[in-house]
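Have a look at the structure below before the remarks.
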Amino acid sequence: MEVKAKLNGLRMSPRKVRLVAGLVRGKKVAPALDQLTFSPKWSSKPLAKLLKSAIANAKNNFGLAEDNLFIKTLTVDGGPTLKRWMPRAQGRATPLNKRTSHITITLAELVPGTAMVATKKGKLEPATKLTTKPKEDDGVKTEAKEEIKPETDVPGKVVTDAHHEGHGKHTKIEGGSKKGFTTKVFRRKSG
């Protein structure tokens, strides 16, 4: 189960916030909170507060254990920019851009368990599984990569030239009307 928390309009540049966000992305919740607590950067304070909010959401709304959570995604996007002016010499003014940030944090379970959901009466009950396992046979066919096997004994068959193995494979067609004719065979790589 995934739990989200958002912070919109933080009056700090996204570039400065991303420095700290990179430190805790993908970590377990407890070490991430320790990292944010002892980080000297100013952006670590709002990030720690947001992480605590996400943990509280996971505990109270879904009944998840704190030691089973980790930071799945942590995105820092740019918000609206405030345009200001600063007076300079000889009556001039220079523009100032005061940037803002939108931060979204997603927590997920390390070991998927039974999540609890609060009902209207305030009781926690097990939630139904939202994720379904893929079926073994979905009817999707995967193409097997064809390989040209060297056969030197039988005339009229294709023979792979081992010298050009890594590139497009060069093949020689033995027998037939064009003896020693060389063609280049390209195999498309899937994925």
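Bear in mind these aren't lab numbers, they're just calculated from the coordinates by the rules spelled out. None of the values given here were measured: they were computed from a predicted structure.
Among the listed pairs Lys6/Lys28; Lys49/Lys83; Lys27/Lys59; Lys28/Lys83; Lys49/Lys98, which have their C-alpha atoms separated by more than 30 angstrom in this model?
Too far apart for the 30 Å limit: Lys28/Lys83.
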With bins of 10 Å, the percent of all Cα-Cα pairs of the stretch 42-99 per bin from 0 is 17, 30, 21, 15, 11, 6, 1
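Can you divide the C-alpha Rg of the stretch 2-126 by 2.2 N^0.38 Å and report the result to two decimal places?
Numbers: Rg = 18.6 Å, N = 125, 2.2 N^0.38 = 13.8 Å.
Cα Rg divided by the expected 2.2 N^0.38 Å: 1.35.
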Amide H neighbours of Thr100 at under 5 Å, excluding residues fewer than 5 places away on the same chain, with H built from the backbone geometry, are Gly79, Leu82
